[in-house]
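Novice: Submitted below is the structure of interest, expressed as structure tokens.
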Amino acid sequence: MAFFNPSRPSYMDNPYPALARLREQEPVHFSPGIPGWVVTAYDLCFRVLHETETFDTDFFPWEYSGRDEERAGREEIFGGAPRLTNSTGADHIRRRGAVAPPFTHRSIEDVRTKIFETAARIVDAVERGEPFDLLETVARPIVDTLLPARLGVEPEQYAEFAEWARAMLIASEPFASEQQMTQGRDARRALSDYLAGFDRESALGHGSAITLALGARDDGTLTADEVNAVMIDIALGDGLIAMIGSTALALAEHPDQWALLRDDPSLVPDAVEELVRWDPSSHTLMRVVTAETVLGEQPLKPGDMLFLMVGAANRDPARFDDPDRLDVTSVPRPHLSFAAGTHFCIGAPFARLTLEAAIDAIVARFERLEVVKDGVERTTTFLTRTLERLEMVAH
């Protein structure tokens with residue numbers, strides 16, 4: 001009988017055997033503990049991500065059903081404007097288009113040299129033979145150095161800017177505490193004040209996401225509340241930090257794959273795709289059903305919540321050959337680690353090139369990375385597969 005219990009320690013450590021069993025037994029499975037439908041097959045996840053009229057990203061109205069006071073508090077944070085993540089249709093395209101240019105493939109390629117130089121400089125500072133937290137010593141400094149330029153934020157101001165975004169994000173979630181709501185309101189005021197004084201003509205501001213968002217506000221493409229809401233989805237580099245950590249851990253645990261990349265750096269770009277497929281940090285995507293439908297022989301009704309298990313879809317043998325094996329020489333096939341459809345990750349080109357630069361620098365400088373005993377600490381939610389701590393020793 002199929003079951004899904006992501007709270008077990010064994011699942012947090014390695015969810016893939018349980019997800020494989022669930023995918024084989026019941027690829028669309030109702031889990032009362034969540035509660036919602038857990039989807040594990042690639043083709044079904046792919047369908048949901050593309051059929052946006054039936055499977056919506058704006059699930060907050062359903063989550064707040066019967067809790068009008070809490071919903072009003074959430075809307076206070078963004079003035080009723082949904083985040084980019086939760087907007088749909090023409091509204092999503094309009095908001096995304098306003099801030100997308102600094103994150104396109106062409107824009108990122110223009111700063112390729114800077115990205116690689118930044119990663120090499122930060123990795124070169126790591127001392128061999130001494131334990132270090134790769135997340136705080138390598139991954140976060142790389143992201144916190146590179147992302148602010150895409151936004152238009154001075155590097156020394158980025159930590160505060162990110163904290164405003166994080167506080168607003170937390171306050172917008174269901175069941176946020178009163179203290180978190182207060183912090184979210186304070187953060188919104190601080191962000192609004194910052195944007196009001198933003199210098200669009202500065203070298204850093206020119207062409208940045210913030211400059212483009214403010215221009216869109218001025219010409220009526222975005223409202224002021226939509227500008228604040230959009231900032232939340234482009235301001236935080238936590239997902240990319242997690243990806244750098246996960247790829248470093250995967251290579252440390254697969255020295256044969258490390259050696260292949262060290263011997264042939266030309267493999268690194270394709271290796272990025274394989275590494276984020278094999279163990280994605282964005283492990284789950286959520287959607288809500290808006291019309292009666294059938295998915296994988298399971299009838300669904302409006303309001304049903306779907307949990308698309310990206311990690312399971314990325315290892316579906318119907319889509320990938322020998323999917324549980326990490327193979328940096330494999331020819332990349334489309335995975336779902338950056339989602340798909342209209343909600344494909346806006347920062348994917350930036351993430352890919354930053355990962356490429358980080359991996360290139362790590363395998364070029366070190367013979368290997370050793371994981372310290374008890375040095376891996378993971379988050380305790382099944383929605384993401386991220387690391388809280390990654391203690392390693394470089395050799």
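For (1) of a type in the set (S, T, N, Q); (2) part of a helix (DSSP H, G or I); (3) crowded, with 19+ Cβ neighbours inside 10 Å; (4) touching a residue at least 40 places away in the same chain (Cβ under 8 Å), each residue gets a yes or a no:
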position: A159; (1), (2), (3), (4): no, yes, no, no
position: A167; (1), (2), (3), (4): no, yes, yes, no
position: Q179; (1), (2), (3), (4): yes, yes, no, no
position: L195; (1), (2), (3), (4): no, yes, no, no
position: D199; (1), (2), (3), (4): no, no, no, no
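Novice: When you scan region 299-319, do you find a residue that is over 21 Å from S31 (Cβ atoms) and touching a Leu at 6+ places or on another chain (Cβ under 9 Å), even just one?
Specialist: Looking through region 299-319, none of the residues is over 21 Å from S31 (Cβ atoms) and touching a Leu at 6+ places or on another chain (Cβ under 9 Å).
Novice: Sticking with this one: Within region 201-225, how many residues turn out to be farther than 21 Å from R83 by Cβ and not in a loop (DSSP other than H, G, I, E, B)?
Specialist: Count: 1.
Novice: Being out of contact with any strand residue (DSSP E or B) (no Cβ under 6 Å at 6 or more places or on another chain) and either farther than 24 Å from R319 by Cβ or not in a loop (DSSP other than H, G, I, E, B) (or both) is the requirement here; does T384 meet it? Walk me through how you get there before you give the answer.
Specialist: Values: out of contact with any strand residue (DSSP E or B) (no Cβ under 6 Å at 6 or more places or on another chain): yes; either farther than 24 Å from R319 by Cβ or not in a loop (DSSP other than H, G, I, E, B) (or both): no.
Spelling it out, it is not the case that T384 is out of contact with any strand residue (DSSP E or B) (no Cβ under 6 Å at 6 or more places or on another chain) and either farther than 24 Å from R319 by Cβ or not in a loop (DSSP other than H, G, I, E, B) (or both).
Novice: Is it true that D219 is of a type in the set (D, E, K, R), without any contact (Cβ under 8 Å) to a residue 24 or more places away in the chain and farther than 19 Å from E156 by Cα?
Specialist: For D219, the condition - of a type in the set (D, E, K, R), without any contact (Cβ under 8 Å) to a residue 24 or more places away in the chain and farther than 19 Å from E156 by Cα - is met.
Novice: If you don't mind, another one. If you take just the helices (runs of 4 or more DSSP H) that sit entirely in region 2-74, which of them hold at least 2 residues that are closer than 15 Å to V310 by Cβ and at pLDDT 95 or above? Spell out the reasoning first.
Specialist: Numbers: elements: 9-13, 16-25, 42-50, 60-63.
The qualifying helices (runs of 4 or more DSSP H) are 16-25, 42-50.
Novice: Out of all the residues in region 75-86, which are within 20 Å of R166 (Cβ to Cβ) and either in contact (Cβ under 8 Å) with a residue 24 or more places away in the chain or loosely packed, with under 15 Cβ neighbours inside 10 Å (or both)?
Specialist: E76, I77, F78, G79, A81, P82, R83, L84, T85, N86
One line per residue, one yes/no per condition, for (1) over 30 Å from V138 (Cα atoms); (2) of a type outside the set (D, E, K, R); (3) buried (at least 16 other Cβ atoms within 10 Å of the Cβ); (4) modelled with pLDDT under 90:
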| residue | (1), (2), (3), (4) |
| --- | --- |
| A176 | yes, yes, yes, yes |
| H206 | no, yes, no, yes |
| G215 | yes, yes, no, no |
| G239 | no, yes, yes, no |
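Novice: Criterion first (out of contact with any Asp or Glu (no Cβ under 7 Å at 6 or more places or on another chain), modelled with pLDDT of 95 or more and either of a type in the set (G, A, S) or over 16 Å from A271 (Cα atoms) (or both)) does L369 satisfy it?
Specialist: Considered against the rule, which asks whether it is out of contact with any Asp or Glu (no Cβ under 7 Å at 6 or more places or on another chain), modelled with pLDDT of 95 or more and either of a type in the set (G, A, S) or over 16 Å from A271 (Cα atoms) (or both), L369 comes out as yes.
The values are calculated or read from the model by the stated rules, or taken from the named source; none is laboratory data. Since the model is a prediction, treat every value here as computed from it, not as a measurement. Counting neighbours? That spans all protein chains shown, and the Cβs are built from the backbone with ideal geometry, glycine included.
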